[in-house]
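Single-structure report; data block below.
What follows draws every value from the coordinates through simple rules; no lab data is involved. None of the values given here were measured: they were computed from a predicted structure. Quick reminder, even Gly has a Cβ in these numbers, built from the backbone with ideal geometry, and neighbours come from all protein chains shown.
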Amino acid sequence: MAYKQLLDRQNVLVAGGAGFIGSHLCDELIKTRNVICVDNFVTGQEENIDLLLQNPHFKFIKHDLREPLDLETFPELESFKVKFQGVQEIYNLACPTSPKEYKRLPIETLLTNSEATRYLLDLAVKYKARFLHVSSSAVYGEPPEAKALAEDYWGFIDPVGPRSSYNEGKRFAESLVVNYGLHKGVSWRIARVFNTYGPRMKLDDGRMIPDFISYALQGKPLIINGSTEDTATFCYVSDMVDGLTRLMSYEEPGIFNLGSADLKTMGEVAQAVIELSGSEVKINTTDPLPYQAKQGAPDIGRAKEILGWFPLVSLNDGLRQTVDYFRAHQGVLGMGSASGTVV
């Protein structure tokens, strides 16, 4: 059957919508759209969407996307008239991203990038929906030299190493998306997301910024796995959401880097967290972890020129908001380990 918009608002599906970036994306989309959030809480968190559940323009479906999803069988979506209107946009953020999950959930990660992406693409075919796949800078592997990574770089990756379930999963998913576009007419876009941080990051997933903040607030030394001179880039989550929504509005298929192009040392980030938290703790270093990779900076020239997008929130301002969030939620979230890791 032919699906056409009947309501004032478009219907939008956000896969992985209870996760860190996904929940912030839902916060933005619900201002103008009906949002269908799908998550199985393997790594997402219900508290990220608690306030949204009270909004009539938001519906949550708990579902493992490694199984087919038939939206028209859910009675809670009747108010969105999905049987007749379908969905107009699909954002695919469904994938474990924590470095700890490379060891704990490798098969799940691979299948989410393959089977789940396939089933979401099948929905895009059915409803003729725009499809935005959230990929990762991990597809580039370790940069061969100190230069910004552009979208035409093919990457240098170990296909069977400790990070392979995530890196190769993301690479396969990109190929799947592009081929659904070529052979099934899907209107696709791919965002290669670089390190992103902000409120709602999980304290126990082994990422550097929440680990630093957690220990600084507890008055414990911060630990950097590697050197204080190691570098990475950090994009605040509101800037990332702005980039994703701009990319979805882009009329042509394309691959875009989204992230900060400003390299920071691990020592700089640790010291900023210490100052913003009002702590006086030390910074210690230890050996890099097996799944760590050298970090590259994105070339965001395409995003600037075509989407009119670039990050606006400074690292200091973003860290201040993130520290304030974790300080306010200390008793609720608990405190995690202090492993300074970027992925």
Longest principal axis of the chain (C-alpha) makes with the long axis of helix 117-127 (C-alpha) an angle, in degrees to the nearest 10, of 30 degrees
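With runs of 4+ DSSP H residues as the only contributors, calculate the mean residue ellipticity of the chain at 222 nm using -39,500 (n - 2.57) per run, divided by the residue total and rounded to the nearest 500.
-9500 deg cm²/dmol
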In this structure, among LYS147/LYS220; LYS83/LYS103; LYS81/LYS184; LYS147/LYS184; LYS170/LYS264; LYS4/LYS62, pairs with alpha-carbon gaps over 32 Å are LYS147/LYS220; LYS83/LYS103; LYS147/LYS184
Given unit charges at Cβ for Lys, Arg (+) and Asp, Glu (-), the dipole magnitude of the stretch 246-298 about its Cα centre in debye, nearest 20, is 120 debye
Mean-square fluctuation maximum in Gaussian network of the chain, Cα pairs under 10 Å, restricted to LEU182, LEU65, LEU93, hits LEU182
In the stretch 139-230, the GluC sites (Glu not before Pro) that sit in a DSSP loop and have at most 16 other Cβ atoms within 10 Å of their own Cβ are GLU145, GLU229
Of the candidate values (i) 124; (ii) 228; (iii) 195, the one computed for volume of the Cα convex hull per residue in Å³ from this structure is (i)
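Can you check how the C-alpha radius of gyration of the stretch 75-161 compares to 2.2 N^0.38 Å, as a plain ratio? The partial results should precede the final answer.
Numbers: Rg = 17.1 Å, N = 87, 2.2 N^0.38 = 12.0 Å.
Rounded to two decimals, the normalised Rg is 1.43.
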Over the Cα atoms of the stretch 8-131 the radius of gyration and the largest Cα-Cα distance (Dmax), both in Å, equal 13.8, 45
If one compares the long axis through the Cα atoms of helix 266-277 with the longest principal axis of the Cα atoms of the chain, the angle in degrees, nearest 10, works out at 90 degrees
Taking 37-43, 51-57, 6-12 and ranking on average Cβ neighbours within 10 Å, highest first, one gets 37-43, 6-12, 51-57
Those GluC sites (Glu not before Pro) from the stretch 45-105 that are DSSP loop and have at most 14 other Cβ neighbours within 10 Å turn out to be none
The rounded separation in angstrom of the Cα centers of the stretch 183-239 and the stretch 1-70 is 23 Å
For the stretch 109-178, averaging the sequence separation of alpha carbon pairs under 8 Å that lie six or more residues apart and dividing by its residue count, the contact order in percent is 46 percent
Interchain or sequence-distant (5+) residues whose placed amide H lies within less than 5 Å of the amide H of LEU149 are ALA297, ASP299
If every Lys and Arg gets +1 and every Asp and Glu gets -1 at its Cβ, then about the Cα centre the chain yields a dipole, in debye to the nearest 20, of 560 debye
Most exposed to least, judged by fewest other Cβ atoms within 10 Å, ASP211, ASP262 sort to ASP262, ASP211
The chain, Gaussian network, Cα under 10 Å: of LEU312, LEU217, LEU149, the residue fluctuating most is LEU312
Ordered by number, the chymotrypsin sites (Phe, Trp or Tyr not before Pro) in the stretch 185-236 that occupy a DSSP loop and have at most 14 other Cβ atoms within 10 Å are none
The chain, Gaussian network, Cα under 10 Å: of THR73, THR285, THR322, the residue fluctuating most is THR73
With +1 at each Lys and Arg Cβ and -1 at each Asp and Glu Cβ, the charge dipole magnitude of the stretch 25-71 around its Cα centre, to the nearest 20 debye, comes out at 200 debye
Relative contact order as a percentage, the chain, C-alpha pairs under 8 Å and 6+ apart, gives 18 percent
Within the under-13-Å Cβ sphere about VAL313, not counting VAL313, Lys/Arg +1 and Asp/Glu -1 give a net charge of -3
